[in-house]
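The values are calculated or read from the model by the stated rules, or taken from the named source; none is laboratory data. All figures in this text were calculated on a predicted structure; none of them were measured in a lab. Note: ideal-geometry Cβ built from the backbone for every residue, glycine included; neighbour counts use all protein chains shown. Note: areas computed on protein heavy atoms with side chains; ligands, DNA, RNA excluded. Shrake-Rupley method; radii C 1.70, N 1.55, O 1.52, S 1.80 Å.
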Amino acid sequence: MAKKALITGITGQDGSYLAEHLLSLGYEVYGLIRRNSITENQQSRLDSIAPLIHTEYGDVSDVSTIDRVMMRVRPDEVYNLAAQSHVRISFDVPQYTAQTNALGALNVLESTRAHSPGAHFYQASSSEMFGNSVDPDGKQRETTRMVPVSPYGCAKLFAFNIVRNYRRSYNLFASNGILFNHESPRRASNFVTSKIIKNAVLISRGKLDKLELGNLDSQRDWGHSKDYVRAMHLILQHTEPDDFVISTGQTHSIREFCEIVFQKLGLDYRKYVVQNPKYMRPEELRFLCGDCSKAKATLHWTPTYTFDSMIDEMIRQWSDKPT
Ligand code: GDD
């Protein structure tokens, strides 16, 4: 019989790639969709697989829907990807962020414990939980201290810890993927990579003359979402529940990212990129570079995209859009 997977946050970048990956492996895929007043675009990332998956309206803050879906589906695997995923916006909506990212995760976990206790549970944990902690070798790994610097990171840290607590207290197969930044053509354009690429393409067409950004000096370890959803699945196939860093081990500043993207389009970023304090964060996570040796050794996970091939794919996608 086909395995059943329930994905919260299925309409997002990772949710949609994960659904495609699980379908390719023969899973029956169920997804929770948060109702939005603008239906257009809301499920656009699922367009190509819509007839193949089962979706249901729900919200991780609404326990009754989670319980109902969990009881009906009784999934073999639960992937909790639902979140308010924007770090800067979490400073504007801290309580909503905590409700969704912290209590929402607990609601899904508790519902899994109550109604599908044999299910393997995946929590979308984040490198934002590390804050500005870095090991002496310049990396973050599973053992690095976690001292988050945003409401988003604080909420994610609660979810990370409650997953570990449930694992030990109730013997649940509950695991955390500590994912570093991951991008793709499906990345929303208010995250920095998509924002830079989208606007650089517009500038190259003469449709725009400036790109306003916040902090250009922070550094991120950027991988590709398609590679990272494969890791999510592998984490749940492991012999025991555990926590894994998923990253590339390479880091670049926002400034370098601009330089590379504009160069690929035949432009000098210094002529177009300006700073606007509006995009700065009250507290910034300055540097991320993940050591994913544990995932490589234990799960035999390796990324297939390079930094360059990821950027090229994103540039192609934004260049193909009519303006
Ligand atoms: N979004 C945005 N917009 N970021 C900017 C801008 C801008 O105009 N200008 C500079 N930045 C800087 C931010 O200050 C940050 O240092 C960096 O670009 C990356 O910002 P985002 O792309 O918004 O990602 P993030 O690192 O804050 O969070 C992402 O990665 C986390 C994993 O570490 C998100 O995907 C989170 O959901 C994820 O958990």
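Give me the pairs, please: first residue somewhere in the stretch 176-192 and within 25 Å of ALA295 (Cα to Cα), second residue anywhere and within 8 Å of the ligand (Cβ to nearest atom) and open to solvent by 30 Å² or more (accessible area, probe 1.4 Å), beta-carbon distance under 8 Å, and either six or more positions apart or on two chains.
Matching pairs, first to second residue: GLU183/PHE191.
Near the ligand (Cβ under 10 Å from one of its atoms) and small (Gly, Ala, Ser) - does that describe any residue in the stretch 241-257?
Yes; the residues of the stretch 241-257 include at least one that is near the ligand (Cβ under 10 Å from one of its atoms) and small (Gly, Ala, Ser).
Please work out if SER16 is polar (S, T, N, Q), open to solvent by less than 70 Å² (accessible area, probe 1.4 Å) and modelled with pLDDT of 95 or more.
Against the criterion (polar (S, T, N, Q), open to solvent by less than 70 Å² (accessible area, probe 1.4 Å) and modelled with pLDDT of 95 or more), SER16 qualifies.
One line per residue, one yes/no per condition, for (1) within 14 Å of the ligand (Cβ to nearest atom); (2) in the same structural domain as LEU18 (by TED's automatic domain parsing); (3) open to solvent by less than 40 Å² (accessible area, probe 1.4 Å); (4) at pLDDT 95 or above:
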{"position": "ALA159", "(1), (2), (3), (4)": "yes, yes, yes, yes"}
{"position": "ILE162", "(1), (2), (3), (4)": "no, yes, yes, yes"}
{"position": "ALA200", "(1), (2), (3), (4)": "yes, no, yes, yes"}
{"position": "LEU211", "(1), (2), (3), (4)": "yes, no, yes, yes"}
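If a residue has to be open to solvent by less than 50 Å² (accessible area, probe 1.4 Å), touching a Ser or Thr at 6+ places or on another chain (Cβ under 6 Å) and free of Cβ contacts under 8 Å to residues at least 40 places away in the same chain to count, how many in the stretch 62-107 make the cut?
Number of matching residues: 0.
Working only within the stretch 213-230, note down all residues that are within 14 Å of the ligand (Cβ to nearest atom) and not polar (S, T, N, Q). Let's see the steps before the verdict.
Our first condition is that a residue be within 14 Å of the ligand (Cβ to nearest atom); within the stretch 213-230, this holds for 213-225, 228-229.
Selection gives LEU213, GLY214, LEU216, ASP217, ARG220, ASP221, TRP222, GLY223, HIS224, TYR228, VAL229.
Does the stretch 118-138 hold any residues that are buried (at least 20 other Cβ atoms within 10 Å of the Cβ) and within 14 Å of the ligand (Cβ to nearest atom), and which are they? Let's see the steps before the verdict.
Filtering the stretch 118-138 for residues buried (at least 20 other Cβ atoms within 10 Å of the Cβ) gives 119-131.
Across the stretch 118-138, the qualifying residues are GLN123, ALA124, SER125, SER126, SER127, GLU128, MET129, PHE130, GLY131.
Has the stretch 140-148 got any residue that is more than 13 Å from ARG286 (Cα to Cα), of a type in the set (Lys, Arg), open to solvent by 30 Å² or more (accessible area, probe 1.4 Å) and without any contact (Cβ under 8 Å) to a residue 24 or more places away in the chain?
yes
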